[in-house]
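Undergrad: Take a look at this one; I'll ask things after.
The values are calculated or read from the model by the stated rules, or taken from the named source; none is laboratory data. Values in this document were obtained by computation on a predicted structure and should not be read as measured data. Virtual Cβ from ideal backbone geometry, glycine too; neighbours counted across all protein chains shown.
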């Protein structure tokens, strides 16, 4: 009988298991169907919508905390086909949204066979609707089930300038979406050029996700699980740029009607104070709105190429502004000494070769006067002496030494600033000349390439490199990679490459005679109209032959001020500007005055420059 | 024959309770499938179209086939099943062997033979065959299950089809075969392994939800409590001291001194155990310590396995079950969530026949087969769900009673087998639709759409009723 009892007990265990499971399931049903308020709320819900909350894009301020780049609200109207009311007042909708009946039909009937569109999911009905239209539509939204309003941020530019520096934004391409692994979705915005492009990953912020319960008419009922799974959107980081927006604006005004570029740098830090490429355009034209496409096409078709950023993309021969650099290298390499004199007989002559000196001047008693008078002969000689340092037939070694110094100054390769599309200029290498002048045909010597001594020939620099050169001279031998970012507003450190000091191998003492020479150029030499009463300005002009039109040389100036403890270094390159002294140096000078004084006293010069129109054609 | 004739008058009656619940459940299933298929647009008027073009039409044909089969099976002599048991079992095994080669792939599983619109799932036959074969084996001698060898054979009978079904792969059907442990328990297996299995499942679930660190901390603290409770002298002081220690440990965890607190906790627990061992020569605590040790090791091991050895989709499945709040409601959680929302949407009394928006508008996946319970929940609410659950509980309870009243051991074994199969189907399926169990694709008996499944369960019930009607035949 004992065994019988065990089986009896086991039968009860099995029965107990069945009953307990039944009770558990009933309990679960009770909690789901009766007790759980969450499910009560979902009683009429038929789905959950994943709503993406777009973060505000980061703003950009200038170095004085003035807002350069702002966000403005624009709206997209979305529609879900299955939720439309077939009896809705279509005419009223068209009137409210200010569209025609044809537009309405075209926008609402998508190709539903295409997987991009689904009748059950919202798709774009009308984009870029202004806040005024939207507010009115919002009032009547309840009459139009299936329609919804989506906020999109658009950029606006209070100063209407710095278009290239700030850059524009556009909708992401399929490639952007694929490359970024889930960060972007169709219709998102991405920075295309300028700072918008460069700092995209900081500016864009992080999207938020809200899960919203919907009933079977698509009406939102409230957050899913009380919003527990939602994530907040995080606004993009605000940036304080190194740009001085008023200086930038002033520079753009000065460059109106001209082609060329200006870059101003704070030598102490490498901050780019202004970066002007002319011609430019009002950045508000490219803000995302209805007319953008048209403006974009117009700007692209403009023969003066406003999208071609002349500060970093244009490679110019430096011309005479190269001379101070030649002098510095000569001094450092010991082939030149500060009080070396030279009698200029109107040009550099070597056998059959003549490099004419265009400036009319007498005996040059030292380096400073050589620079001040911009004597071609003087610098061809210095350049030849550098190249021939290891013997006339050993030009390769001498030239390699020379270009190594150029590399130190950031020439021949991009400076790697925080700005896209930067070109590196051109410093011809030893092997380049070996190919150009093969040994069988006599090879090459210092005299073959002597025009480089005065900044002509193959040597090319971008305007940013010229400005950086001015800053390096101002610093007496070192520079910080120029950059457009000053700091992130939230304290995120800026890239370390902008706080790394680059030291050249020119000793500080060699800079004094050269800077004295650049001062002489302003005081008594070629750059006299760069003088600013009361400001100790130092600089050098250049005139570069224009291969397309002999009468229209390019005008160039670079310099810094004040001479001691410099605050600003500027390079200005004006295409077809003629002599360096006619356009480039007054522009740079005015800019320096504006920056150091805040206002410009030389109104006459200012007006004259502003009114000047320069083109490649004789007028 | 003589025996049968002599008892005919007394015992030819069917068990009406079982039969009527069975019929009620099948009818419910038909109505539910009708409702799901009704959708927004209703059914075609043409009868031919209705019968062959719609789910409910095809299900009606299967219902008719099952009805005929039921009548035919009732005419088969009850003694036959004992003798053909192994034959049916082997047929099932052979078909399971063939299905990977000749079967049709549906949803990534090769579990079906297809002849035109007629599909057949050999796993259903294998369930029935295994129930018969196991019963027959248990019936083979009086002292079966006494030797280790016979126990292994008994388990082997149903593990073989499990292995073959896992090849398809069909985890749901394979799980059903574990229900045969119920009959083995009833017939003499010791409860120890069952308890250990249960403890392991509970530990696994707790570990997944709360991390092994917290699970082991709780287990160690609990063991310490048992030891403290053994003190006879100044018990209250020991208790106060222990509560203070636990408070310090909780404080240390809050301060993120995780492993320090863990070691302290273990040290206290061991010290208490050792105290009783030294002072009171209490050796009874030794197995407790071993058990604790094994539980802690098990907890950390399962955690390691789930995090490092299981594949991502397997981990996701478990997560959907145990940590739904961490899952994407638009992604992996979608099915469960839609299912729970449909059931929850039914409220107390439901939305009424053909009125459930979620099931009608196809918001719930697989809603006429594995998720048919959603339709019941949405259209008939808590009352409807409870009614179905109660019907199943009564049916299962009744089958156990039927089992226990059999004189023929074979019949008792068979009834327990059927009860086990139905129990697993019922519990897992309904539990799954309400998020109580993980998503395992098995049908709800008698109710879910599916011809083979309906025919299979009908066969099981028919044989059960036939055996029961002959219970006085020996």
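Undergrad: Only one residue in A:314, A:287, A:343, A:327 is in contact with a strand residue (DSSP E or B) (Cβ under 6 Å, 6 or more places away or on another chain), touching a residue at least 24 places away in the same chain (Cβ under 8 Å) and at negative phi. Which one? Steps first, please.
TA: Numbers: A:314 fails: in contact with a strand residue (DSSP E or B) (Cβ under 6 Å, 6 or more places away or on another chain); A:343 fails: touching a residue at least 24 places away in the same chain (Cβ under 8 Å); A:327 fails: in contact with a strand residue (DSSP E or B) (Cβ under 6 Å, 6 or more places away or on another chain).
Every option except A:287 fails the conditions.
Undergrad: Within the group B:145, B:134, which residue is in a loop (DSSP other than H, G, I, E, B), touching a helix residue (DSSP H, G or I) at 6+ places or on another chain (Cβ under 9 Å) and assigned by TED's automatic domain parsing to the domain that holds residue B:421?
TA: One residue alone meets the criteria, B:145.
Undergrad: If residue B:368 passes every condition in (1) touching a residue at least 60 places away in the same chain (Cβ under 8 Å); (2) farther than 30 Å from residue B:83 by Cβ; (3) facing another protein chain (nearest Cβ under 10 Å) but one, which one does it miss?
TA: Evaluating residue B:368 over (1) touching a residue at least 60 places away in the same chain (Cβ under 8 Å); (2) farther than 30 Å from residue B:83 by Cβ; (3) facing another protein chain (nearest Cβ under 10 Å) leaves (3) as the failure.
Undergrad: Any residue at all in segment B:305-324 that's touching a strand residue (DSSP E or B) at 6+ places or on another chain (Cβ under 7 Å), under 19 Å from residue A:50 (Cβ atoms) and surrounded by fewer than 17 Cβ atoms within 10 Å (Cβ to Cβ)?
TA: First, the residues of segment B:305-324 that are touching a strand residue (DSSP E or B) at 6+ places or on another chain (Cβ under 7 Å): none.
No, segment B:305-324 contains no residue that is touching a strand residue (DSSP E or B) at 6+ places or on another chain (Cβ under 7 Å), under 19 Å from residue A:50 (Cβ atoms) and surrounded by fewer than 17 Cβ atoms within 10 Å (Cβ to Cβ).
Undergrad: Quick check: anything in segment B:101-112 at pLDDT below 95 and assigned to a helix (DSSP H, G or I)?
TA: Step one: list which residues in segment B:101-112 are at pLDDT below 95, which gives B:101-112.
Among the residues that remain, those that are also assigned to a helix (DSSP H, G or I) are: B:101-102.
Yes, some residue in segment B:101-112 is at pLDDT below 95 and assigned to a helix (DSSP H, G or I).
Undergrad: Is it the case that segment A:65-82 has a residue that's at pLDDT below 85 and assigned to a helix (DSSP H, G or I)?
TA: yes
Undergrad: Another question, then. Any residue at all in segment A:424-434 that's out of contact with any helix residue (DSSP H, G or I) (no Cβ under 9 Å at 6 or more places or on another chain), in the same structural domain as residue A:504 (by TED's automatic domain parsing) and free of Cβ contacts under 8 Å to residues at least 40 places away in the same chain?
TA: Checked segment A:424-434: at least one residue is out of contact with any helix residue (DSSP H, G or I) (no Cβ under 9 Å at 6 or more places or on another chain), in the same structural domain as residue A:504 (by TED's automatic domain parsing) and free of Cβ contacts under 8 Å to residues at least 40 places away in the same chain.
Undergrad: Right, something else. Looking at residue A:605, is it modelled with pLDDT of 85 or more and surrounded by fewer than 16 Cβ atoms within 10 Å (Cβ to Cβ)? Full working, then the answer.
TA: On the way: modelled with pLDDT of 85 or more: yes; surrounded by fewer than 16 Cβ atoms within 10 Å (Cβ to Cβ): no.
Criteria not met by residue A:605.
Undergrad: Having 2 or more residues that are surrounded by 23 or more Cβ atoms within 10 Å (Cβ to Cβ) and touching a helix residue (DSSP H, G or I) at 6+ places or on another chain (Cβ under 9 Å) is the bar; report the strands (runs of 3 or more DSSP E) wholly within segment A:269-381 that clear it. Let's see the steps before the verdict.
TA: Details: elements: A:271-278, A:347-350, A:353-356.
Passing ranges, in order: A:271-278.
Undergrad: Determine whether segment B:402-413 contains at least one residue that is surrounded by fewer than 20 Cβ atoms within 10 Å (Cβ to Cβ) and either free of Cβ contacts under 8 Å to residues at least 60 places away in the same chain or within 10 Å of chain A (Cβ to nearest Cβ) (or both).
TA: Within segment B:402-413, one or more residues are surrounded by fewer than 20 Cβ atoms within 10 Å (Cβ to Cβ) and either free of Cβ contacts under 8 Å to residues at least 60 places away in the same chain or within 10 Å of chain A (Cβ to nearest Cβ) (or both).
Undergrad: Considering each residue of segment A:445-504, count those that are touching a helix residue (DSSP H, G or I) at 6+ places or on another chain (Cβ under 8 Å), assigned to a loop (DSSP other than H, G, I, E, B) and more than 27 Å from residue A:565 (Cα to Cα), and give that number.
TA: Qualifying residue count for the region: 11.
Undergrad: If you don't mind, another one. Using the structure shown, decide if residue B:426 is at the interface with another protein chain (Cβ under 10 Å from one of its Cβ atoms), surrounded by 23 or more Cβ atoms within 10 Å (Cβ to Cβ) and under 26 Å from residue B:466 (Cα atoms). Explain how you work it out, then say what you get.
TA: Working: at the interface with another protein chain (Cβ under 10 Å from one of its Cβ atoms): yes; surrounded by 23 or more Cβ atoms within 10 Å (Cβ to Cβ): yes; under 26 Å from residue B:466 (Cα atoms): yes.
Answer is yes for this residue.
Undergrad: Would you check if there is a residue in segment B:171-182 being within 14 Å of chain A (Cβ to nearest Cβ), in a helix (DSSP H, G or I), closer than 30 Å to residue B:246 by Cα and at pLDDT 90 or above? Walk me through how you get there before you give the answer.
TA: Restricting attention to segment B:171-182, the residues satisfying the condition of being within 14 Å of chain A (Cβ to nearest Cβ) are B:178-182.
With in a helix (DSSP H, G or I) added as a condition, the list becomes B:180-182.
Those left that are additionally closer than 30 Å to residue B:246 by Cα: none.
No, the conditions are met nowhere in segment B:171-182.
Undergrad: For residue A:540, are the conditions met, namely being closer than 21 Å to residue A:609 by Cβ and in the same structural domain as residue A:264 (by TED's automatic domain parsing)? Walk me through how you get there before you give the answer.
TA: Values: closer than 21 Å to residue A:609 by Cβ: yes; in the same structural domain as residue A:264 (by TED's automatic domain parsing): yes.
Answer is yes for this residue.
Undergrad: Same structure, new question: For segment A:1-34, what are the residues that are at pLDDT below 85 and more than 8 Å from chain B (Cβ to nearest Cβ)? It would help to see each step written out before you state the result.
TA: If we filter segment A:1-34 for residues that are at pLDDT below 85, which is where we start, we get A:1-8.
If the condition is that a residue be at pLDDT below 85 and more than 8 Å from chain B (Cβ to nearest Cβ), then A:1, A:2, A:3, A:4, A:5, A:6, A:8 are the ones that fit.
Yes/no matrix, rows are residues, columns are (1) without any contact (Cβ under 8 Å) to a residue 60 or more places away in the chain; (2) within 22 Å of residue B:421 (Cα to Cα); (3) in contact with a strand residue (DSSP E or B) (Cβ under 8 Å, 6 or more places away or on another chain):
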site	(1), (2), (3)
B:94	yes, yes, no
B:107	yes, no, no
B:116	yes, no, no
B:127	no, yes, no
B:156	yes, yes, no
